[in-house]
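Worksheet: one structure, shown below.
Quick note: the coordinates plus some simple rules give every number you see, no bench work behind them. This is a predicted model, so every value here is computed, not measured. All Cβ positions, glycine included, derive from the backbone under ideal geometry; neighbour counts span all protein chains shown.
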């Protein structure tokens, strides 16, 4: 695990990874800025209706006196994180192959993710994440527990799609995916720590993929 994290931290600062992250991250941010700028009235109305349905939170005075704008920004931030995760899943294959070749020259890609399955897993994880987040929103205001809960939710968002994408490229057989995915929760949550820092959150999905890459190939090449 220590070696996996060390190599992943080195890779995340490499020029090719930084360029990929900047394109995906700021592209996703720009997309949502345009969408929310165009549809802010509709979006803010939806948030106001949503707040009224949240147990306890909807009756808090600070929410009624202007906190709805902050909640709208929080939800928008989650949409950005989902979009970054989805785009990373769809477009990271060339980057992962390049990193694998750099660290493990003898390794050849054994396959390629099925686009339909990759999209399905990404959509499934995104929907589950968003629904659970919206339903459990009050938990975020509980110190410590709220932060742990959010980290676990972010892990759900990237765990299965990332495990599938990386293992489809480099795992020797389908059973390897199931074996590797059992321990993927820790790696997904570790990568999700980036989401606690705005702007740095654009690194979370690709950092997860790099962690999974070294976790799989590091064990197979020792």
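General observations
- Within the listed set 26, 203, 129, the Gaussian network model of the chain (springs between alpha-carbon atoms below 10 Å) gives the highest mean-square fluctuation for 26.
- The angle between the Cα long axis of helix 145-170 and the longest principal axis of the Cα atoms of the chain comes to about 30 degrees, rounded to the nearest 10.
- With N counted as the residues of region 2-220, its alpha-carbon radius of gyration over 2.2 N^0.38 Å works out to 1.08.
- Virtual spin-label span in nm between residue 48 and residue 106, 7 Å along Cα→Cβ: 6.6 nm
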